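**Student:** I'd like to ask some things about the structure below.
What follows is calculated from the coordinates using simple rules that are stated; it is not laboratory data. Treat the numbers as computed from the prediction; the structure is a model and nothing was measured. So basically every Cβ, Gly included, is an ideal-geometry build from the backbone, and we count neighbours across all protein chains shown.
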Amino acid sequence: MIKPLPNWLDPNPWMHLSKSTDLSAIESAIYSKNPTIRELALLISPSAHNFLEPMAQRAKHITQRNFGKTISLYSPLYLSNYCNGGCAYCGIAGDRRADRLVLDDNQLIKELSEISKLGIDEIVLLTGERMPEADVDYLEHAIQITSKKISSVNIEVFPMLEKEYQVLANVGCTGVTLYQETYDQVIYEKMHRWGDKRDFFNRLYAPNRALQGGLRTVGLGALLGLSNPRFDMLCLFNHANYLLKNFWQAGVTISFPRIKPQLGEFRAKYPVDERMLAQFIFALRICLPTVPLLLSTRETETIRDGLAGLGISKMSVASKTTVGGYSSSIEQSTEQFEISDNRDVSSFCNALRNKNLEPIFKNYDAMYRGPISYDKNFKCSSV
C-alpha cells in the first residue's frame, strides 16, 4: 500500500503551475527576489523554454554572486560493485552478469595514489547495496585509509542507521550522497524489484539519520528519466529546503544524473533532453541560490562546458565507474554506467579557464573533519 508523501515533500499543490502557459508569470519568476516552489514550478514548465536565455543569464549572475567564477572538483572512487539490489536501471544490480570486485587495502592505496597525482582533494567512495563484502566495518576501515590522503571524504553507499553514520563520522567521513532516484512511489516500487532499497521511506529519511549521526553534508538527486521529471524537481526543492531548515548548518547539494547506457540496456521512459536539463539547472539555481549544483561526467564535454558556471558550481573530473579504474595494475570490474566526458584533468581545467572559470582542487581542510551535533533547536556545534 502506497503511503502519502509527507506534507513537507508533497509537490502536488504546485504541479498545475508546472504546466502553466502564463508567459508573464514565468518572466516575473525569473527575477523574483524571494523565489519559492511557486516560482520553480513556473520555471520548469514547458512554456519556460521560451525564456532559456534570460534564465541562463540570471543563473549565471546568481552563481557568480554566491560561488565566484570557480568550479569545485571531485572524483568518485568505487570500492566495490558487489550488490544484491534489484534496481532495474543499474549496471551492477544483483541479477547482472557483472564482473564483481572489492578493493583490498593495497588496491585502495594504489587508487588513492593515482587520484592524488591528479591533485584532487575531494573523493566520493561508492559501493553497491549492503553486502558482506562491503559493509559498515569495511567502509569504516576504507575511510580511515582514505582520510590520511584526502581532506574531504564522502560516501555514496547504502542507507544506514544513525549510529552507523556516527561511526563513519568519527573516522573522517564528511558527507553522504544519497539519491532518492525518484519521489514517485509507484514508479519507485517498480524500479526497485527486490532488496532493502525497495523501502522508499527508509531511503527518504536516511539523510536525516546521516546528519543526526554527525555528517556535515548531504547530496540529493533524482535519476532523470525514471518518472515525471517536473514532479521530481519540485520534490528535490522541497527536500533540500526541509534539510536546510531542520539542519541549518549542514551543507546540501543537488545533482542531475540522467539515465545512461549500462549493462541491462535499461531505457528512460521519461527522457530528459539537453535543453530540458539546462532548464532544470537554471530554475533550481534561481530558486536555491546558495545550494551547490553538481554535474558529473555522465554528461558530454559539450554539455558540461556549456553549463559550467551557469548554475553548476561543482563537477567531477577524470572519473572512473569501475572498481580499480584508476590503477592499471588492478583488474577492473564491470562499470556501473558509461562515462561521456573522458577528458583528463589538464584538458578539463583548460576548458574551464577558457570560460574564465577557475578550477578548485581543494576547498576543505582535514582539520574541520569530525562529527557535528545538531540540537533540537537546529543550532549546531562541533563535538
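**Student:** Sort through Leu211, Leu226, Leu234 and tell me the only one that's over 30 Å from Arg275 (Cβ atoms), in contact (Cβ under 8 Å) with a residue 60 or more places away in the chain and of a type in the set (A, V, I, L, M).
**Tutor:** None of the others qualify; the one that does is Leu211.
**Student:** Another one. Within region 149-182, take every residue that is among the acidic types (Asp, Glu) and more than 18 Å from Met131 (Cα to Cα) and give me the one that is surrounded by the most Cβ atoms within 10 Å (Cβ to Cβ). Outline the logic, then answer.
**Tutor:** If we filter region 149-182 for residues that are among the acidic types (Asp, Glu), which is where we start, we get 156, 162, 164, 181.
Of the ones still in play, those that are also more than 18 Å from Met131 (Cα to Cα) are 162, 181.
Numbers: Glu162: 14, Glu181: 23.
Only one residue fits best here, namely Glu181.
**Student:** Hey, another quick one. Filtering region 183-224 down to residues that are in a loop (DSSP other than H, G, I, E, B), out of contact with any strand residue (DSSP E or B) (no Cβ under 6 Å at 6 or more places or on another chain) and of a type outside the set (Ser, Thr, Tyr), which residue is nearest to Trp248 (Cα to Cα)?
**Tutor:** Quick first cut of region 183-224, residues in a loop (DSSP other than H, G, I, E, B) only: 183-184, 193-195, 199, 205, 213-216, 223.
Then drop every residue that is not out of contact with any strand residue (DSSP E or B) (no Cβ under 6 Å at 6 or more places or on another chain), which leaves 183-184, 193-195, 199, 205, 213.
Retained after the next criterion (residues that are of a type outside the set (Ser, Thr, Tyr)): 184, 193-195, 199, 213.
Working: Asp184: 27, Arg193: 35, Trp194: 35, Gly195: 33, Asp199: 27, Gly213: 15 Å.
Filtering region 183-224 for residues that are in a loop (DSSP other than H, G, I, E, B), out of contact with any strand residue (DSSP E or B) (no Cβ under 6 Å at 6 or more places or on another chain) and of a type outside the set (Ser, Thr, Tyr), the one nearest to Trp248 (Cα to Cα) comes out as Gly213.
**Student:** Right, here's the next one. Assess whether Gly175 counts as being among the small types (Gly, Ala, Ser) and in a strand (DSSP E or B). First the steps, then the outcome.
**Tutor:** Numbers: among the small types (Gly, Ala, Ser): yes; in a strand (DSSP E or B): yes.
When the stated conditions are applied, Gly175 passes them.
**Student:** Looking at region 232-258, which of its residues are of a type outside the set (Val, Ile, Thr) and closer than 14 Å to Leu40 by Cβ? First the steps, then the outcome.
**Tutor:** Here is the first cut: in region 232-258, the ones of a type outside the set (Val, Ile, Thr) are 232-251, 255-258.
If the condition is that a residue be of a type outside the set (Val, Ile, Thr) and closer than 14 Å to Leu40 by Cβ, then Asp232, Met233, Leu234, Cys235, Leu236, Phe237, Asn238, His239, Ala240, Asn241 are the ones that fit.
**Student:** Still on this structure, I have one more. What about Tyr89, is it in contact with a helix residue (DSSP H, G or I) (Cβ under 9 Å, 6 or more places away or on another chain), surrounded by fewer than 18 Cβ atoms within 10 Å (Cβ to Cβ) and among the hydroxyl-bearing types (Ser, Thr, Tyr)? Can you show your working first?
**Tutor:** On the way: in contact with a helix residue (DSSP H, G or I) (Cβ under 9 Å, 6 or more places away or on another chain): yes; surrounded by fewer than 18 Cβ atoms within 10 Å (Cβ to Cβ): no; among the hydroxyl-bearing types (Ser, Thr, Tyr): yes.
For Tyr89, the condition - in contact with a helix residue (DSSP H, G or I) (Cβ under 9 Å, 6 or more places away or on another chain), surrounded by fewer than 18 Cβ atoms within 10 Å (Cβ to Cβ) and among the hydroxyl-bearing types (Ser, Thr, Tyr) - is not met.
**Student:** Going through region 1-44 one residue at a time, which ones are under 23 Å from the mean Cα position of the chain (by Cα) and in a loop (DSSP other than H, G, I, E, B)?
**Tutor:** Leu5, Pro6, Trp8, Leu9, Asp10, Pro11, Pro35, Thr36, Ile44, listed by residue number.
**Student:** Here is a further query. Which one is nearest to Leu223 (Cα to Cα), of the residues in region 76-134 that are in a loop (DSSP other than H, G, I, E, B) and aromatic (Phe, Trp, Tyr)?
**Tutor:** At the first step, the residues of region 76-134 found to be in a loop (DSSP other than H, G, I, E, B) are 79, 81-86, 88-101, 103-104, 118-121, 127-130, 132-133.
Those left that are additionally aromatic (Phe, Trp, Tyr): 82, 89.
Values: Tyr82: 21, Tyr89: 10 Å.
Selected residue: Tyr89.
**Student:** Give the number of residues within region 287-324 that are among the polar types (S, T, N, Q), in contact with a Leu (Cβ under 7 Å, 6 or more places away or on another chain) and assigned to a helix (DSSP H, G or I). Can you show your working first?
**Tutor:** If we filter region 287-324 for residues that are among the polar types (S, T, N, Q), which is where we start, we get 290, 296-297, 300, 302, 313, 316, 319, 321-322.
Keeping just the survivors that are in contact with a Leu (Cβ under 7 Å, 6 or more places away or on another chain) gives 313.
Now drop any that are not assigned to a helix (DSSP H, G or I), which leaves none.
Looking only at that region, the number is 0.
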